[in-house]
Each structure stands twice: as structure tokens, then as C-alpha cells.
1. Let me spell it out: the conditions are (1) farther than 22 Å from A241 by Cβ; (2) buried (at least 22 other Cβ atoms within 10 Å of the Cβ), and H142 meets all of them except one. Which number is the exception?
2. Looking only at segment 35-72, how many residues end up being under 23 Å from L110 (Cα atoms), surrounded by fewer than 16 Cβ atoms within 10 Å (Cβ to Cβ) and of a type in the set (D, E)?
3. Tally the residues that are without any contact (Cβ under 8 Å) to a residue 40 or more places away in the chain and not β-branched (V, I, T), restricting the search to segment 163-178.
4. Consider segment 179-201. How many of its residues are of a type in the set (S, T, Y) and either in contact with a helix residue (DSSP H, G or I) (Cβ under 6 Å, 6 or more places away or on another chain) or touching a residue at least 24 places away in the same chain (Cβ under 8 Å) (or both)?
5. Looking at segment 190-207, which of its residues are in a helix (DSSP H, G or I), β-branched (V, I, T) and closer than 13 Å to A223 by Cα?
6. Looking at (1) within 22 Å of R19 (Cα to Cα); (2) buried (at least 21 other Cβ atoms within 10 Å of the Cβ), which is the one condition that is false for V102?
7. Is it the case that L117 is within 13 Å of the chain's Cα centre (by Cα), surrounded by fewer than 23 Cβ atoms within 10 Å (Cβ to Cβ) and modelled with pLDDT of 85 or more?
8. When N148 is evaluated against the numbered criteria (1) surrounded by fewer than 20 Cβ atoms within 10 Å (Cβ to Cβ); (2) modelled with pLDDT under 95, which criterion, by number, is the only one it fails?
Amino acid sequence: MRIDLVFDTAACLQREDERAWFAVIDVLRSATSIIYALKNGARLVMPAQSSQEALRISEHLPREELILCGERDNQPIPGFTYGISPGEFTADTVKGKTVIMVMENGIASLVRSEPHLRLIVPSFVNLAHTARYISTHAEDDHMTILCNGRNGRISLDDLYCAGMFIHKIEDVCNATVTGNDGVYIAKQLATSFGNDIYSILQRTDEGRHLCAQGFHEDVRLAAQHSIIDLVPSARNGDLIAEEVKHDN
């Protein structure tokens, strides 16, 4: 399998291979929150690129069936039910609901503008299960991993997760992944850091920022390794839960 790792959404759209898969990583915190919401029974997650877009989407849905989520400076957007802390998305809050989540990142822009992309959302919490999913759905295909980053800058948490994800794909497929320079950098970084995910996340720019604002629990939840056995997958502009089949 060939994997290319990129840091810019536009690079994902410069594709020639119609069999290509895309994985968007945003560990702190969009990807992690999406996974927790779907795990705890949300019908689907509808990514929105702005609060205005989220409100436009919500106008076409019964109010009692949806939850509006999004943040500004790590605080819930006024008038929205929740921010994007993964711990907020419990079964009591999201089961049976449609979650409209504001994400000013590659997840929202790709899913909303390119609804037919074969796109998945990995994070640490579903890492092994996502690698298993890829091994059965895309082993012979090309995949592009987008490390979302912050304001055009590389995020260590996303790059670290990408490296661990690639290593896990190699383990599951029992084959060496080929790829661009970003893939080799991510793999080497993950090898160097090892598996103490929480400790590493606390030292990243975003991890330090979240902890300074009292969101230690968000970082801890994001650092859980492979505890959730589903993969968020794009479907007609939304994200739904794809269950991962376990070997007998």
C-alpha cells in the first residue's frame, strides 16, 4: 500500500487515483470528539465549516433531534449546546441525535465539499481498529493522510498519531508501507516517542494550551489507545460509524 502524508487540505484534492482513500487526523480535538459521539449513539455527525453554516443546516432539521456543537477560543459558541470536548458526547447527550459540529479544519472542508471521497477519521482512540478497517477495505489502494495542523503549522499530536497509524497498518497488513517523505518522518517520530501518548500530548502546543485552560480531561480522553472499535466514514457529506469486523 502507498501512503502520502500531507499538511494542506488542497493537496488532498490534487488526486489522480480514483481509488484513493483519505484519512484526516485532528487528535485535539475534532477527530476524537467525532469518534466519541458516534460510539455513544449519535446517528451521524454533520461537519460545518462555520457557525453560520451550522445554523443554516439546523434550519432543515427538527430541533429536538439535533445538537449544535462548536467553540471559539476553546469555549462553546454562544447559542450552541456544547463545545468540542470529547467528554461532552456521552450516550445521555447524543444517543439518537444528529450532531452538527463546527470544525474549521480539513475534516469539514473535505467532507462538505467532496461528499463522495472515500474518507475516514482516525485518532488514537480508534487507531488499531481503523488500521484493521483499512486492511480489509483499501490494502491495495493509495491513501493520503492529512495531518490537520493549526493555522498552517504542523501539529506534533497529529504527526505522532499518523506515525503510529502507519506502523499499525504495516503490522495488520504484514507489509511495509511505501510513501513520501512525510510518511517516513511520521514513522520515525512515532518510533522515537513510543506509546506514552498522554505524556507526549501534554507536551504539544495544543496539549499545553488545553491544559492551561483546564481541559486536562480532554487530553486524557484523546490519549486512550484503541478503546473504540468504529471508524467515522464520510457518506454524502456526513460522517457515520463504520463498525470494524473482528477476526474470529
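The values are calculated or read from the model by the stated rules, or taken from the named source; none is laboratory data. Just so you know, these numbers come straight off a predicted model, no measurement behind them. Here the Cβ positions follow ideal geometry from the backbone for every residue, glycine too, while neighbour counts run over all protein chains shown.
1. Against the list (1) farther than 22 Å from A241 by Cβ; (2) buried (at least 22 other Cβ atoms within 10 Å of the Cβ), H142 comes up short only on (2).
2. Taking segment 35-72 and keeping what is under 23 Å from L110 (Cα atoms), we get 35-39, 42-61, 66-72.
Now drop any that are not surrounded by fewer than 16 Cβ atoms within 10 Å (Cβ to Cβ), which leaves 50, 52, 56, 59-61, 72.
If we keep only those that are of a type in the set (D, E) as well, we get 59.
Final tally of qualifying residues: 1.
3. Residues of segment 163-178 that are without any contact (Cβ under 8 Å) to a residue 40 or more places away in the chain, as a first pass: 163, 167, 170, 174, 176.
Okay, now just the ones that are also not β-branched (V, I, T), so 163, 167, 170, 174.
Residues that pass the stated criteria total 4.
4. Within segment 179-201, the subset of a type in the set (S, T, Y) is 184, 191-192, 198-199.
Retained after the next criterion (residues that are either in contact with a helix residue (DSSP H, G or I) (Cβ under 6 Å, 6 or more places away or on another chain) or touching a residue at least 24 places away in the same chain (Cβ under 8 Å) (or both)): 191, 198.
Looking only at that region, the number is 2.
5. Taking segment 190-207 and keeping what is in a helix (DSSP H, G or I), we get 190-193, 197-203, 205-207.
Among the residues that remain, those that are also β-branched (V, I, T) are: 191, 197, 200.
Those that are in a helix (DSSP H, G or I), β-branched (V, I, T) and closer than 13 Å to A223 by Cα: I197, I200.
6. Only one criterion in (1) within 22 Å of R19 (Cα to Cα); (2) buried (at least 21 other Cβ atoms within 10 Å of the Cβ) is unmet by V102, namely (1).
7. Numbers: within 13 Å of the chain's Cα centre (by Cα): no; surrounded by fewer than 23 Cβ atoms within 10 Å (Cβ to Cβ): yes; modelled with pLDDT of 85 or more: yes.
Judged against the criteria, L117 is not a match.
8. (1)
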